[in-house]
Amino acid sequence: MAQLGIHISKLRRECVSIRNLRLAWMLVCVLLCSFGAMAKPGDKILNRPYADLKRWHFGFSVGTQFQDLSFTHNGHVTDAPESGQWFMEIPSYAPGICANVLADLRLHKHFNLRFSPGMYFGSKTVEMIDANSESKLRQEIKSAYVVLPFDLKISGERYYNSRPYVTLGAMGTFDVGKKRSDYLQFNSADAYLTIGLGCDFYLPFFKLNPEIKFCFGLTDILRHDRPDLDENPDMFKITQSLTKVKSKMFVLTFYFE
């Protein structure tokens, strides 16, 4: 029964995740449709017709992001008779904020190299469940990431005042938030592979680019060596139950260029 409860909890979490992503995607679609209305086939005026011919251009972005963790459990069983295997999950997602500056280098008609350093502020709550007693522990993790994303932007043909694109890239992050002794601790540095999609909307004085991006962590960020918990085995058992932890993020950004 305990195992069934764990699986039901994980299924509920996945449903919440899908619902959040679906709402974010619907928001992007509404924005795309709204701005797309500015560029009807009958329009003859092209806003900023030479914007894409510049060798370099700059901008900034603001947006929101959702942070997630992927846990790999090892089935470790604690010595305490009343305790068993521990399972970790993120029961829900809290939106954070992000702000970046942008430098864009034109490589080709359809290719641009983009560098957009910035800051991501967010939080996530880890729920730890004992499979035997179904008792739960919680840990809130706040983060302040310095991010260094490099992206290859692949653009389609311009259609009046809009132009769709996809991005492929890599992102380095460093968490400058304070670390404290808790059930789980994570390394400050991480690296991500990213994939995104968006659309350029050419307005009279600037370009507005709504973009969604999926970020997949590449490294195990869990700190397995915890000398600070040598005298507190009840807390260290949580770390012992995990083989690795990887980070994931979903980012919704609005670029102004």
(message) Condition check: without any contact (Cβ under 8 Å) to a residue 60 or more places away in the chain, open to solvent by less than 10 Å² (accessible area, probe 1.4 Å) and of a type outside the set (Gly, Ala, Ser). Does residue 119 satisfy that?
(response) no
(message) Can you tell me which residue is farthest from residue 172 (Cα to Cα) among those in the stretch 201-229 that are in contact with a Phe, Trp or Tyr (Cβ under 8 Å, 6 or more places away or on another chain) and among the charged types (D, E, K, R)?
(response) 207
(request) Identify the residue in the stretch 162-187 that is basic (Lys, Arg) and part of a loop (DSSP other than H, G, I, E, B) and, among all such residues, is farthest from the chain's Cα centre (by Cα). (result) 180
(message) Please list, ordered by residue number, the strands (runs of 3 or more DSSP E) wholly in the stretch 89-161 having 1 or more residues that are within 20 Å of residue 66 (Cβ to Cβ) and in contact with a Gly (Cβ under 8 Å, 6 or more places away or on another chain).
(response) 95-106, 118-130, 136-155
(request) May I ask you to list the residues in the stretch 140-154 that are surrounded by fewer than 16 Cβ atoms within 10 Å (Cβ to Cβ) and over 30 Å from residue 107 (Cβ atoms)? (result) 140, 142, 144
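The rows are residues; the columns are (1) among the small types (Gly, Ala, Ser); (2) touching a helix residue (DSSP H, G or I) at 6+ places or on another chain (Cβ under 7 Å); (3) under 21 Å from residue 173 (Cβ atoms); (4) at pLDDT below 70.
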residue	(1), (2), (3), (4)
35	no, no, no, yes
44	no, no, no, yes
76	no, yes, no, no
83	yes, no, no, yes
96	yes, no, yes, no
108	no, no, no, no
113	no, no, yes, no
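The values are calculated or read from the model by the stated rules, or taken from the named source; none is laboratory data. All values derive from a computational prediction rather than experimental measurement. All Cβ positions, even for glycine, are placed from backbone atoms using ideal geometry, and neighbour counts span all protein chains on display. We work out accessible area using only protein heavy atoms, side chains counted, and drop any ligands, DNA or RNA first. Shrake-Rupley method; radii C 1.70, N 1.55, O 1.52, S 1.80 Å.
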